[in-house]
Amino acid sequence: MQLQAVIFDFDGIVVDSEPLHHAAFVRILEPLNLDLSWDRYCGHYLGFDDRDVIRERFREAERPLDDSTMRQLMEQKARVFVEIVEKQGITPYPGVVTLIRYLYSRVPLAICSGALKSDIDPILRILDVEDCFPIKVTADQVHVSKPDPESYFAVFNRLQEMHPSRVLSPSACFAIEDTPAGIAAARGAGLNVLAVSNTYQPDLLAGANHIVDSLEHVDMAMLENLLPG
């Protein structure tokens, strides 16, 4: 079977930005007396979008959260995150930029992420791969985040709209994910999943079609060999 598209998750696949996201959440939540330790963030919040992190932290603290406060906190977090990225910089995972550029000349690419578009775009510009992703579905474009498949359905529909002369099949596409929630979302939309153990141990990524410890040795031939049938 010929590979028709590859959809990349962002945090934990393209860059290790989770420590920066955590730092931004700490900056906006601590003034509200809402602590969020790194261990708790890693153990419970990974895979959540910004909206769900804030909602869950308020729920855990049994604190009310209205829509206005939610919007303000999301805006503050987005600003703080960009400030941290610009100050500290960002390093991509090994092999991922090479893989993106390699695949871009061969197959349609997209991003499906629980991060905000305003978080993703500056980093793609820093890595000089922004043009490789004409389609990005982010947290601010969906109603519910992963593990719900809504974001992957949205990506696939946009891929089909961008390539109207081809009939795309989810079973001929791969998502590249690093979390159980992301795997569940992609599989729920009928996509194949290549999991990378950047964030979780392989036994927690068992829902994927295949698991690797790095993208350094992944290429199109490998992905096509992993397609069913």
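The values are calculated or read from the model by the stated rules, or taken from the named source; none is laboratory data. Not measured: the values here are computed from a predicted model. As a convention, Cβ positions derive from the backbone with ideal geometry for all residues, glycine included, and neighbour counts pool all protein chains shown. Protein only, heavy atoms only, side chains kept; ligands, DNA and RNA dropped before computing areas. Shrake-Rupley method; radii C 1.70, N 1.55, O 1.52, S 1.80 Å.
Quick notes on this one:
- I90 vs. criteria farther than 17 Å from I176 by Cα, touching a strand residue (DSSP E or B) at 6+ places or on another chain (Cβ under 7 Å) and assigned to a helix (DSSP H, G or I): no
- First in the stretch 160-182 and under 16 Å from L109 (Cα atoms), second anywhere and polar (S, T, N, Q) and part of a loop (DSSP other than H, G, I, E, B), Cβ under 7 Å, 6 or more apart: L168/Q4; S169/Q4; A172/Q2; A172/Q4; C173/Q4
- Test: residue in the stretch 186-193 that is open to solvent by 40 Å² or more (accessible area, probe 1.4 Å), in a helix (DSSP H, G or I) and within 20 Å of A115 (Cβ to Cβ): yes
- Hey, V155 open to solvent by less than 60 Å² (accessible area, probe 1.4 Å), β-branched (V, I, T), under 20 Å from G114 (Cβ atoms) and in contact (Cβ under 8 Å) with a residue 40 or more places away in the chain or not: yes
- Residue in the stretch 147-168 that is acidic (D, E) and part of a helix (DSSP H, G or I) present: yes
- Search result, residues across the stretch 131-140 that are open to solvent by 70 Å² or more (accessible area, probe 1.4 Å) and either touching a Cys at 6+ places or on another chain (Cβ under 9 Å) or farther than 14 Å from D52 by Cα (or both): D131, P134
- For beta carbons closer than 8 Å, sequence separation of 6+ or different chains, a first residue in the stretch 45-66 that is within 25 Å of G12 (Cα to Cα) and a second that is β-branched (V, I, T) and surrounded by 14 or more Cβ atoms within 10 Å (Cβ to Cβ), the qualifying pairs are Y45/V53; L46/T179; L46/T199; G47/T179.
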